[in-house]
Amino acid sequence: MPANPPVSNVPEFSVSEVSQAVKRTLEGTFERVRVRGEVSGFKRAASGHLYLALKDENAVLDGVCWRGMASKLSIQPEDGMEVIVSGRITSYPGRSKYQIVIDSLELAGQGALLKLLEDRRRKLAEEGLFDEARKRALPFLPEIIGVVTSPTGAVIRDILHRLADRFPRRVLVWPVLVQGEGAAEQVAAAIQGFNALPQAGPVPRPDLLIVARGGGSLEDLWAFNEEVVVRAAAGSAIPLISAVGHETDTTLIDFASDRRAPTPTAAAEMAVPVRRDLWLQAVDLERRMTAAAGRLVEERRTQLEGLGRGLVDPRRLLEEMTQRLDERAERLKAAWERLAKDRQAQIARLEAALPHPRQLLAVKGEQLAAAGGRLETVRPRLLGERLAVVEGLGRVLESISYRKVLQRGYAVVRGPEGAITTPEAVTPGLALELEFAAGRATATGGEGPGAVGGRAPARPAAQPVAKAKKKKPPSDDSQGSLL
C-alpha cells in the first residue's frame with residue numbers, strides 16, 4: 001500500500017485569488033505615484049485608449065490612459081519623449097502584468113520641451129509652412145483689426161491704448177484661453193473664424209489679425225507651439241501678426257505668421273501708422289509741392305523771357321510785312337495793266353488780219369450761187385432717174401397685188417375675224433363679206449359646209465375703178481411715194 005501523502009499547512013489559492021491579492025497589494029501600496037521615463041511603443045487604439053511603455057536603462061513599466069482622460073492630456077505622447085506621468089499602479093490579471101493607469105502627463109524638464117519644440121519646428125518647416133514666399137504684406141491702414149487674445153488682462157488694454165494713440169481703428173476681439181487645456185484649439189478656431197466671416201456680413205471681416213499673449217514660461221506659451229495653431233496661422237487669408245510673450249520668447253506661430261512683433265504693444269504699432277506723422281508728412285509734401293510748382297513757374301518764365309529776347313519785335317515785323325504787302329500790290333497792279341495792254345494789242349492785230357463780214361458774206365453768196373447753178377444742171381437728170389425707179393417698183397407691186405386675181409373672177413371671203421380660207425370656218429348664220437374686183441357684198445352662211453343659205457341685200461356695186469395710171473401706185477399700197 002502506498003504511503004499516505006504528507007499533510008501541508010500552506011493554504012491553497014486559485015489563480016484568480018492570487019491575481020486579485022496581488023492587485024489589492026499593488027493598489028494599496030502605490031495608491032498614486034509619479035513616474036519619470038522615456039515613452040516607447042506608443043499607440044492609440046480604435047477605442048480611443050492610449051497604450052505605451054515607460055522605460056529607463058534598467059526597467060520597463062507598461063502604461064495605459066483611458067479614453068476619457070486621453071482627451072484631457074495637455075501633451076500628446078510620442079516615442080522617445082521623456083515624460084513624467086501621474087497615476088496609480090495596478091495589475092492586469094489576464095497577462096500577469098502590472099501597469100500604471102495614467103491620468104496626467106507632462107514633459108520631463110525644459111530640455112525635453114525644447115527637443116519636442118525643435119522636432120516639431122523641423123517637421124513643419126519641411127512642409128513649407130514657414131516659407132517667406134507665403135508671407136503677405138500688411139495693409140497700410142486697416143479699417144478693422146481682429147485681435148485673438150484673452151478678454152481679461154493687460155494685453156488687450158495695451159493694444160487698444162496704443163491704437164488710440166497712433167491711429168484709432170475699429171477692433172474686434174475674439175476671446176480665447178491663452179494657456180492650459182483647450183487653449184490651442186480655441187486660438188486656432190478664432191483664426192479660422194475670423195477668416196470665415198463674409199465680406200458684407202453683419203459682422204465685418206477684419207483686414208488684419210493680431211494673435212497676442214503676455215510673457216510666461218515655455219510651458220505657459222506651449223499652446224502657441226501646437227500644430228493646430230501653427231497650421232491655422234499659416235492658412236489664414238487675412239494678414240496676421242503674432243505677438244506672443246516678450247521679445248526673447250519664440251513660439252512656432254511666430255514662424256508661420258506674416259509678421260512677428262516682440263510684444264503686443266509693438267504689434268499695435270506695426271498695425272497702424274501714427275496719424276500725426278501722416279498729417280505732418282502730408283503738410284510737408286504740400287509745402288514741397290507748392291515750392292516745386294513755384295520753382296517750375298519761375299523757370300518757365302525765365303525760359304520764356306530768354307526765348308522772347310531772341311525774337312523780332314512783333315510791331316516791327318508787322319510793319320515790314322505791311323510794306324512788303326503794299327509793294328506786292330503795286331507790282332500786281334502794274335502787271336495787270338501791262339497784261340491788259342498786251343491783250344488789246346493782240347486783239348487789234350487779229351482784228352486787222354480778219355476780213356470784213358460783208359466780204360465774207362459776198363464770197364459765200366458767190367459760192368452758193370455757183371453751187372445752185374451746178375445743182376440746176378444736175379436736178380433733171382437725178383429726178384428722171386428717181387421717177388424711173390419709182391415706176392419700176394410700181395409695176396412690180398401691181399403685178400403681185402391680189403386685185404389682179406380678183407379681175408380674173410375670184411373673190412375674197414371675210415368673216416368677223418378676218419379672211420376665211422377653209423369651208424369648215426363657215427357656220428350657219430355667220431355674217432360674211434365678199435370682195436370682188438368690182439366691189440364688195442355681204443352674205444349669210446347656210447346649212448352644210450360651204451353652202452350659202454341666203455343672200456343679204458347687196459351693197460351698191462362700187463363704181464368701176466378707173467384704170468390707174470402707170471405712174472400712180474394702188475390706193476392701199478403701203479410703200480408710199482419715194483418723192
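The values are calculated or read from the model by the stated rules, or taken from the named source; none is laboratory data. Since the structure is predicted, the reported quantities are computational estimates derived from the model, not experimental observations. No Cβ is skipped: glycine too gets one built from the backbone with ideal geometry, and neighbour counts run over all protein chains shown.
Quick notes
- Number of residues in the stretch 9-36 that are touching a residue at least 60 places away in the same chain (Cβ under 8 Å) and within 25 Å of GLY80 (Cβ to Cβ) equals 3.
- Residue within the stretch 385-404 that is farther than 30 Å from ALA437 by Cβ, part of a helix (DSSP H, G or I) and either of a type outside the set (A, V, I, L, M, F, W, C) or at pLDDT 80 or above (or both) present: yes
- Filter result (touching a helix residue (DSSP H, G or I) at 6+ places or on another chain (Cβ under 7 Å), in a helix (DSSP H, G or I) and either within 18 Å of ASP165 (Cβ to Cβ) or small (Gly, Ala, Ser) (or both)) within the stretch 243-266: ALA256, PRO264, THR265
- Cβ separations smaller than 8 Å between residues 6+ apart or across chains give the following pairs from the stretch 103-122 residues that are closer than 18 Å to THR251 by Cβ to residues that are modelled with pLDDT under 85 and surrounded by fewer than 15 Cβ atoms within 10 Å (Cβ to Cβ): LEU116/GLU78.
- Scanning the stretch 191-219 for residues that are crowded, with 17+ Cβ neighbours inside 10 Å and within 14 Å of ILE253 (Cα to Cα) turns up ILE191, LEU209, ILE210, VAL211, ALA212, ARG213.
- Looking at ALA184, ALA133, ALA200, just one residue is in the same structural domain as ARG260 (by TED's automatic domain parsing), farther than 22 Å from ALA268 by Cα and without any contact (Cβ under 8 Å) to a residue 24 or more places away in the chain, and that residue is ALA200.
- Residue list for the stretch 77-116, restricted to those being part of a helix (DSSP H, G or I), closer than 27 Å to VAL64 by Cβ and not basic (Lys, Arg): GLY109, GLY111, ALA112, LEU113, LEU116
- Count of residues meeting criterion [in a loop (DSSP other than H, G, I, E, B), among the hydrophobic types (A, V, I, L, M, F, W, C), touching a helix residue (DSSP H, G or I) at 6+ places or on another chain (Cβ under 8 Å) and surrounded by fewer than 18 Cβ atoms within 10 Å (Cβ to Cβ)] in the stretch 120-166: 1
- ILE75 being at pLDDT below 90 and either of a type in the set (Lys, Arg) or over 24 Å from GLY180 (Cβ atoms) (or both): no
- For beta carbons closer than 7 Å, sequence separation of 6+ or different chains, a first residue in the stretch 79-90 that is buried (at least 18 other Cβ atoms within 10 Å of the Cβ) and a second that is among the charged types (D, E, K, R) and in a strand (DSSP E or B), the qualifying pairs are GLU82/GLU38; VAL83/GLU106; GLY87/ASP103.
- Cβ pairs under 6 Å, 6+ apart, first in the stretch 212-240 and of a type in the set (Phe, Trp, Tyr), second in a loop (DSSP other than H, G, I, E, B): PHE224/THR251
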